[in-house]
1. What number of residues within segment 81-117 satisfy the criterion of being over 24 Å from residue 133 (Cβ atoms), part of a loop (DSSP other than H, G, I, E, B) and in contact (Cβ under 8 Å) with a residue 40 or more places away in the chain?
2. Out of the residues in segment 60-80 meeting the condition of being assigned to a strand (DSSP E or B) and small (Gly, Ala, Ser), tell me which one is surrounded by the fewest Cβ atoms within 10 Å (Cβ to Cβ).
3. Say whether the condition of being at pLDDT 95 or above, surrounded by fewer than 16 Cβ atoms within 10 Å (Cβ to Cβ) and under 18 Å from residue 32 (Cα atoms) is met by at least one residue in segment 106-113.
4. State which residue pairs qualify: first residue at pLDDT below 95 and inside segment 31-43, second residue open to solvent by 100 Å² or more (accessible area, probe 1.4 Å) in any location, beta carbons under 6 Å apart, and separation of 6 or more residues or different chains.
5. Going residue by residue through segment 38-45, is there one that turns out to be touching a Lys or Arg at 6+ places or on another chain (Cβ under 6 Å), surrounded by fewer than 19 Cβ atoms within 10 Å (Cβ to Cβ), part of a strand (DSSP E or B) and not hydrophobic (A, V, I, L, M, F, W, C)?
6. With respect to residue 57, determine if the residue is exposed (fewer than 12 other Cβ atoms within 10 Å of the Cβ), at pLDDT below 95, part of a loop (DSSP other than H, G, I, E, B) and not β-branched (Val, Ile, Thr).
Amino acid sequence: MNKIITLCLFLSFTLIQAQTQKVISSDWTSFNQTIDIQTKVKKKFKVIASVKLETTEPKSWAGVWARVDTKNEEEGFFDNMQDRPIKSKEWNSYTIEGTIDENSKSLSFGGLCLFNGKFYFDKFELLIENEKGVLNL
């Protein structure tokens, strides 16, 4: 009988804990994809994505971002569109352009969401310059 009472108390405590709502507070979040990069020459790249935002909060914005990390931990390329925030309710295409070189180790790219709203991202493309100077997928 004591085992049954103990089990019931344990289960009721577990159910109460499972239903307790925890508030997570953050002003921003992001997501990304990272690929290793190796090249012997400087090459251009573009990250293109479609983005739209639904919000009533004036401070909310979205961005496409890209970062190149280097082999020797020097500062590489970085752009998160902070100087040109996305606030449009309509689907639009946005582009990040940068370069990689012999010191590049990896390329990360993704989306960024700040403050409250519904953030939509679609059609991510990564284009890297080939030997002929043409950007392709």
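The values are calculated or read from the model by the stated rules, or taken from the named source; none is laboratory data. Remember, it's a predicted structure, so these values are computed and weren't measured experimentally. Virtual Cβ from ideal backbone geometry, glycine too; neighbours counted across all protein chains shown. Just the protein is used for accessible areas: all its heavy atoms, side chains included, with ligands, DNA and RNA removed. Shrake-Rupley method; radii C 1.70, N 1.55, O 1.52, S 1.80 Å.
1. Of the residues in that region, 4 qualify.
2. If we filter segment 60-80 for residues that are assigned to a strand (DSSP E or B), which is where we start, we get 61-70, 78-79.
Then keep just the ones that are small (Gly, Ala, Ser); that gives 62-63, 66.
Numbers: 62: 25, 63: 24, 66: 22.
Among those that are assigned to a strand (DSSP E or B) and small (Gly, Ala, Ser), it is 66.
3. No.
4. Hits for this filter: 40/102.
5. Taking segment 38-45 as the starting set, the residues that turn out to be touching a Lys or Arg at 6+ places or on another chain (Cβ under 6 Å) are none.
No, segment 38-45 contains no residue that is touching a Lys or Arg at 6+ places or on another chain (Cβ under 6 Å), surrounded by fewer than 19 Cβ atoms within 10 Å (Cβ to Cβ), part of a strand (DSSP E or B) and not hydrophobic (A, V, I, L, M, F, W, C).
6. yes
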